[in-house]
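Working notes for the structure below.
The values are calculated or read from the model by the stated rules, or taken from the named source; none is laboratory data. Keep in mind the model is a prediction, meaning the values are calculated, not measured. All Cβ positions, glycine included, derive from the backbone under ideal geometry; neighbour counts span all protein chains shown. What goes into the accessible areas is simple: the full protein's heavy atoms, side chains included, and nothing from ligands, DNA or RNA. Shrake-Rupley method; radii C 1.70, N 1.55, O 1.52, S 1.80 Å.
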Amino acid sequence: MTEEAGITGPPGEPLRVVPLVEEGAMVAQGAPVARLRDHPETCLVAPMPGRVAHVRLLAGHRLSEIVLFREAGGDRKVHDGGAGAGAIRALMQGAGFWPLLRKRPFGGMPPPGETPAAIVVMAADTRPLAADPRQALEGREEDFGRGLEALVGLTEGPVFVCHEPGPSLIEKGAGGGRVKAVLCGRRHPQGLAGWRIHDLFPARIEAPVWEVHAEDVAGLGELLETGLVPESRLVHVAGPSLRESRLVRTQPGADLRGLTQHVALPGAHMLLSGSPLDGRPAHWLAPRDRQVSAMPRPRPPAKQHWIKAALTRSGLPAPVIPTAALTQAFGAALPATAMVRALTAGDEEAAMSLGVLSLLEDDLALADYILGGEAHLRGLLRGMLERIETELAA
């Protein structure tokens, strides 16, 4: 456990919040520290018992961070649950579980009253340096089963559990037969939620699909049984700037510097919350992340004389050449070149017919890497999704 922890919003999701604590106040682990301004029933909770050091908000009551100092031997908040889908939904929102859900299309946490057409539970992760999610479920099989049963009550459709080849994680007939085990490959990006959703149950504007990590499902089962929010999650700390990789249990929102303090190599490096492909420079572990990547700090490119730059730099984007690597970067799930063409041309109709509504930025991180970062597919995808949401989903 790190001595400090930060409560932040998921990357790319500015949260407008109302703080429920003041600086200097003592809080119990699992106690609400802020609620969403637009949806007051949805709360953010303290990841550990501690003292509130800072509450930082940006313009428009957007959350920057709430920083806690750890206090050993602090209390834990016990949440009152209940039977039925409505009571489970209220418990998930009040105990800080709701921000761990992510919806397709468009991303972000689901609206409090939304009913998904299907739910995809990810018990696989093929990102570089990722740990096997099965390790986080060891000894928690009953909690995981209880969490799956709760998710079944939130949708009228199927609940898919995606995992790599190996023993099944679910019992036969679980959830009245609506919980289905699905095998996925070990090659990246086959273990990403977007490609699994595209294969299993493509998201549509009128039929949203939720995704959630398998460890969080086990955490939901623990919450339903004990009323306590889990204190830790399994996180892999790795990267070329470390002497050794570490698989640790730490609190949500952990201080990345504290996790790498004694294993970092000398020299300039940057800490990413997430994988080397789709991670973001950060101070705190992001709400849904289970990786910390320590990477060498890139050197700034040498400046070219303007004449040489004019002669060597093209004013047009580099052409996209169909290759086996590009096809693999799209999970071999759809025509890669056609999707790249639709994104670069801003052709929403063609992109929707190919399945763009099931994808988010991290699903295209490998494709951007294959193309040398010149295509900026993730930015193009986000812009297209925002246009579709404004024009068709409003």
Margin query: So, in the range 339-349, how many residues would count as being without any contact (Cβ under 8 Å) to a residue 40 or more places away in the chain and open to solvent by 30 Å² or more (accessible area, probe 1.4 Å)?
Written below: 5
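Given the structure, is Val212 among the hydrophobic types (A, V, I, L, M, F, W, C), open to solvent by less than 20 Å² (accessible area, probe 1.4 Å), assigned to a helix (DSSP H, G or I) and within 30 Å of Gly355 (Cα to Cα)? If you could, list the steps in order and put the result at the bottom.
Details: among the hydrophobic types (A, V, I, L, M, F, W, C): yes; open to solvent by less than 20 Å² (accessible area, probe 1.4 Å): yes; assigned to a helix (DSSP H, G or I): no; within 30 Å of Gly355 (Cα to Cα): yes.
Answer is no for this residue.
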Check: Which residues, taken from the range 157-185, are modelled with pLDDT of 90 or more and either among the acidic types (Asp, Glu) or open to solvent by 40 Å² or more (accessible area, probe 1.4 Å) (or both)?
Finding: Glu164, Pro165, Leu169, Arg178, Lys180, Ala181, Leu183
Notebook entry, point to check: Are there any pairs, at least 6 apart or on different chains, whose C-beta atoms fall under 6 Å, with the first in the range 191-207 and in contact (Cβ under 8 Å) with a residue 12 or more places away in the chain and the second of a type in the set (Phe, Trp, Tyr), and if so, which?
Noted result: Leu200/Phe160
Notebook entry, point to check: Looking only at the range 52-71, which residues are closer than 20 Å to Leu228 by Cα and of a type in the set (Asp, Glu)?
Noted result: Glu71
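Here's the yes/no breakdown for (1) modelled with pLDDT of 95 or more; (2) part of a helix (DSSP H, G or I); (3) charged (D, E, K, R):
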{"site": "Leu334", "(1), (2), (3)": "no, no, no"}
{"site": "Thr337", "(1), (2), (3)": "no, yes, no"}
{"site": "Ser353", "(1), (2), (3)": "yes, yes, no"}
{"site": "Gly373", "(1), (2), (3)": "no, no, no"}
{"site": "Met384", "(1), (2), (3)": "yes, yes, no"}
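Would you pick out the residues in the range 4-24 that are in a loop (DSSP other than H, G, I, E, B), more than 22 Å from the chain's Cα centre (by Cα) and either of a type in the set (Lys, Arg) or over 15 Å from Lys77 (Cα atoms) (or both)?
Restricting attention to the range 4-24, the residues satisfying the condition of being in a loop (DSSP other than H, G, I, E, B) are 8-15, 20-24.
After this cut, where a residue has to be more than 22 Å from the chain's Cα centre (by Cα) as well, the list is 20-24.
Answer for the range 4-24, where residues must be in a loop (DSSP other than H, G, I, E, B), more than 22 Å from the chain's Cα centre (by Cα) and either of a type in the set (Lys, Arg) or over 15 Å from Lys77 (Cα atoms) (or both): Glu22, Glu23, Gly24.
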Next item on the list: Kindly provide the set of residues from the range 350-365 that are open to solvent by 30 Å² or more (accessible area, probe 1.4 Å) and under 18 Å from the mean Cα position of the chain (by Cα), ordered by number.
Entry: Glu361
Next item on the list: Give the residues of the range 27-51 that are closer than 21 Å to Pro230 by Cβ, in a strand (DSSP E or B) and not polar (S, T, N, Q), sorted by residue number.
Entry: Val27, Pro32, Val33, Ala34, Arg35, Cys43, Leu44, Val45, Gly50
Notebook entry, point to check: Within the bounds of the range 247-254, is there any residue that is farther than 26 Å from Ala95 by Cβ, outside any strand (DSSP E or B), open to solvent by 30 Å² or more (accessible area, probe 1.4 Å) and not charged (D, E, K, R)?
Noted result: no
Next item on the list: Test Asp289 against the stated conditions and say whether it is buried (at least 23 other Cβ atoms within 10 Å of the Cβ), free of Cβ contacts under 8 Å to residues at least 60 places away in the same chain and not β-branched (Val, Ile, Thr).
Entry: yes
Next item on the list: From (1) open to solvent by 10 Å² or more (accessible area, probe 1.4 Å); (2) not in a helix (DSSP H, G or I), pick out the condition that doesn't hold for Ala325.
Entry: (2)
Notebook entry, point to check: What number of residues within the range 349-390 are closer than 15 Å to Leu334 by Cβ, small (Gly, Ala, Ser) and touching a Lys or Arg at 6+ places or on another chain (Cβ under 7 Å)?
Noted result: 1
Note to self: With the structure loaded, tell me whether Leu192 is surrounded by 20 or more Cβ atoms within 10 Å (Cβ to Cβ) and either under 16 Å from the mean Cα position of the chain (by Cα) or at pLDDT 95 or above (or both) or whether it fails that test.
What the structure shows: yes
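Taking the condition open to solvent by 50 Å² or more (accessible area, probe 1.4 Å), modelled with pLDDT under 90, basic (Lys, Arg) and more than 25 Å from the chain's Cα centre (by Cα), does Arg313 pass? Talk me through it step by step, then tell me what you get.
On the way: open to solvent by 50 Å² or more (accessible area, probe 1.4 Å): yes; modelled with pLDDT under 90: yes; basic (Lys, Arg): yes; more than 25 Å from the chain's Cα centre (by Cα): yes.
Judged against the criteria, Arg313 is a match.
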Notebook entry, point to check: Any idea how many residues of the range 215-246 are β-branched (Val, Ile, Thr) and open to solvent by 20 Å² or more (accessible area, probe 1.4 Å)?
Noted result: 2
Item checked: The lone exception for Ala286 - which of (1) more than 24 Å from Pro99 (Cα to Cα); (2) part of a loop (DSSP other than H, G, I, E, B); (3) among the aliphatic types (A, V, I, L, M) it fails -> (1)
Next item on the list: Identify the residue in the range 1-34 that is surrounded by 18 or more Cβ atoms within 10 Å (Cβ to Cβ) and free of Cβ contacts under 8 Å to residues at least 40 places away in the same chain and, among all such residues, is farthest from Leu57 (Cα to Cα).
Entry: Val33
Next item on the list: Answer yes if at least one residue in the range 301-316 is in a loop (DSSP other than H, G, I, E, B) and either touching a Phe, Trp or Tyr at 6+ places or on another chain (Cβ under 8 Å) or in contact (Cβ under 8 Å) with a residue 12 or more places away in the chain (or both), and no otherwise.
Entry: no
Notebook entry, point to check: Checking Pro281 against (1) surrounded by fewer than 16 Cβ atoms within 10 Å (Cβ to Cβ); (2) touching a Gly at 6+ places or on another chain (Cβ under 8 Å), which single condition isn't satisfied?
Noted result: (2)
Next item on the list: Kindly list, by first and then second residue, each pair from a residue in the range 86-112 that is more than 16 Å from Gly9 (Cβ to Cβ) to a residue that is open to solvent by 20 Å² or more (accessible area, probe 1.4 Å) and of a type in the set (A, V, I, L, M), limited to pairs with Cβ atoms under 6 Å and residues at least 6 apart or on different chains.
Entry: Ala95/Val229
